[in-house]
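Report on the structure given below.
The values are calculated or read from the model by the stated rules, or taken from the named source; none is laboratory data. Predicted, not measured: the structure shown is a model, and the values here were computed from it. Here the Cβ is made from the backbone with ideal geometry for all residues, glycine too, and neighbour counts use every protein chain on show.
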Ligand SMILES: Cc1cc2nc3c(=O)[nH]c(=O)nc-3n(C[C@H](O)[C@H](O)[C@H](O)COP(=O)(O)OP(=O)(O)OC[C@H]3O[C@@H](n4cnc5c(N)ncnc54)[C@H](O)[C@@H]3O)c2cc1C
């Protein structure tokens, strides 16, 4: 892979809106990605393997629980810092960002928000340091966009719960030490349970042959009469709103993360267009290529403003789920379109692993599908503005 010459585009001087802390967080994450991700990521994506050695570095830049209070091992940062970290990591690779998003928003967040004090103390510091890795099981073979139909269920056996069912498409599952699992009780109410690796009847087979997020491990969660201790139930919230609250937090991070992937594709294409000579001129001199590049920076700038304002609303506790859906949908779609255009600017070179663009493009095909598909987020916006849900 080519040396990482990334320079972040900031067409509307967004830097001026960032605090000193935001800039410190960003610089640390950016340097780490340049040093520890860029040189190795293509190789790991090609061999479809998660680079385990990066876990310590992710913890050190505050990527595990950026907004979780420091008393539980988190970084105690604000929501804009969280977004910036996700942006910088996804600039390197969406699969690596997925690992950080899952750990922070889908594992640490529910334990922090819905867990007991004992659960917080037991799990959060170890999750923040990367000593424990987690995954989040909501999607099932028969229930993706409609998780409310889930079939995974647990029964109260007096001194423990008995868990049965299966989850599919679970990021981090093949190596996770714990899983936050969403399952229905005998009354059909959804609850979160912490399932630990090693519990009898619990297995996590890996899903192979993905063309997307190849450096992220994805797998199943199988529960075959798993005895779960009663103290592993998350008591603070139940019903579908509980997992959806986690998804709000993760989707917010994705709305920033996708900008990172787009910035990398744009920056690579801009540099290439200025260097590559055809018909006696750099291809950047041709209007068709300028149109592509000019539209890219326009879309990136709009997405940056959307994410920044959403971050302010999140900091104030005012961001709605529908606002988060709009940003996730817009920014991932923007990044995927930019990846496709950038790929074309590089001509044949664009399809090789010498450059990051094709990997970003393939990764974003998952990002546009997980955490609510492109269609479902549009329908959420539709429901929000009309008051009529068209997806049920
Ligand atoms: C790499 C990867 C990692 C993932 N990681 C996780 C994870 O860690 N944890 C987890 O729980 N899940 C995870 N997922 C699952 C992901 O969230 C689901 O794939 C996603 O929610 C879509 O579900 P589905 O694949 O079953 O598609 P479906 O729900 O079957 O949808 C198929 C198509 O139908 C459309 N559709 C569905 N319903 C409607 C409707 N009402 N109106 C119009 N169109 C509709 C969808 O938009 C989509 O285009 C992951 C997925 C991938 C690919």
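Overview of results
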| read-out | value |
| --- | --- |
| Counted residues, the stretch 340-364 - those being surrounded by fewer than 17 Cβ atoms within 10 Å (Cβ to Cβ) and either within 15 Å of the ligand (Cβ to nearest atom) or without any contact (Cβ under 8 Å) to a residue 12 or more places away in the chain (or both) | 3 |
| Tabulated pairs, the stretch 198-220, first over 16 Å from residue 175 (Cα atoms) and outside the structural domain of residue 257 (by TED's automatic domain parsing), second more than 10 Å from the ligand (Cβ to nearest atom) and assigned to a loop (DSSP other than H, G, I, E, B), C-beta under 8 angstrom, 6+ apart or interchain | 210/48 |
| Output for the stretch 124-138, where each listed residue is buried (at least 22 other Cβ atoms within 10 Å of the Cβ) and in contact with a strand residue (DSSP E or B) (Cβ under 7 Å, 6 or more places away or on another chain) | 127, 134, 135, 136, 137, 138 |
| Of residues in the stretch 40-63 being more than 17 Å from the chain's Cα centre (by Cα), at negative phi and in a loop (DSSP other than H, G, I, E, B), the one surrounded by the most Cβ atoms within 10 Å (Cβ to Cβ) | 49 |
| Total residues in the stretch 115-142, condition over 20 Å from the mean Cα position of the chain (by Cα) and within 16 Å of the ligand (Cβ to nearest atom) | 2 |
| Pick from the stretch 310-322, criterion out of contact with any helix residue (DSSP H, G or I) (no Cβ under 6 Å at 6 or more places or on another chain) and surrounded by 14 or more Cβ atoms within 10 Å (Cβ to Cβ), ranking: farthest from residue 11 (Cα to Cα) | 313 |
| So residue 280, is it over 30 Å from residue 42 (Cβ atoms), buried (at least 16 other Cβ atoms within 10 Å of the Cβ), at pLDDT 95 or above and not assigned by TED's automatic domain parsing to the domain that holds residue 116 | no |
| Answer residue from the stretch 372-382, given it is within 18 Å of residue 149 (Cβ to Cβ) and either surrounded by 15 or more Cβ atoms within 10 Å (Cβ to Cβ) or not assigned by TED's automatic domain parsing to the domain that holds residue 327 (or both) and is farthest from the ligand (Cβ to nearest atom) among those | 380 |
| Checking residue 194 against (1) within 14 Å of the ligand (Cβ to nearest atom); (2) buried (at least 20 other Cβ atoms within 10 Å of the Cβ), the condition it does not meet | (1) |
| Members of the stretch 7-24 found to be in a helix (DSSP H, G or I) and under 21 Å from residue 301 (Cβ atoms), listed by number | 14, 15, 16, 17, 22, 23 |
| Filter pass, residue 326 being under 22 Å from residue 82 (Cβ atoms) and modelled with pLDDT of 95 or more | yes |
| Tabulated pairs, the stretch 172-193, first closer than 15 Å to residue 55 by Cβ, second modelled with pLDDT of 95 or more and away from the ligand (no atom under 13 Å from the Cβ), C-beta under 6 angstrom, 6+ apart or interchain | 177/132; 177/197; 178/194; 178/196 |
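Let's see how each residue does on (1) away from the ligand (no atom under 12 Å from the Cβ); (2) part of a strand (DSSP E or B); (3) touching a helix residue (DSSP H, G or I) at 6+ places or on another chain (Cβ under 8 Å):
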site: 145; (1), (2), (3): no, no, yes
site: 151; (1), (2), (3): yes, no, no
site: 155; (1), (2), (3): yes, yes, no
site: 158; (1), (2), (3): yes, no, no
site: 162; (1), (2), (3): yes, yes, no
site: 165; (1), (2), (3): yes, yes, no
site: 173; (1), (2), (3): no, no, no
site: 181; (1), (2), (3): no, yes, no
site: 186; (1), (2), (3): yes, no, no
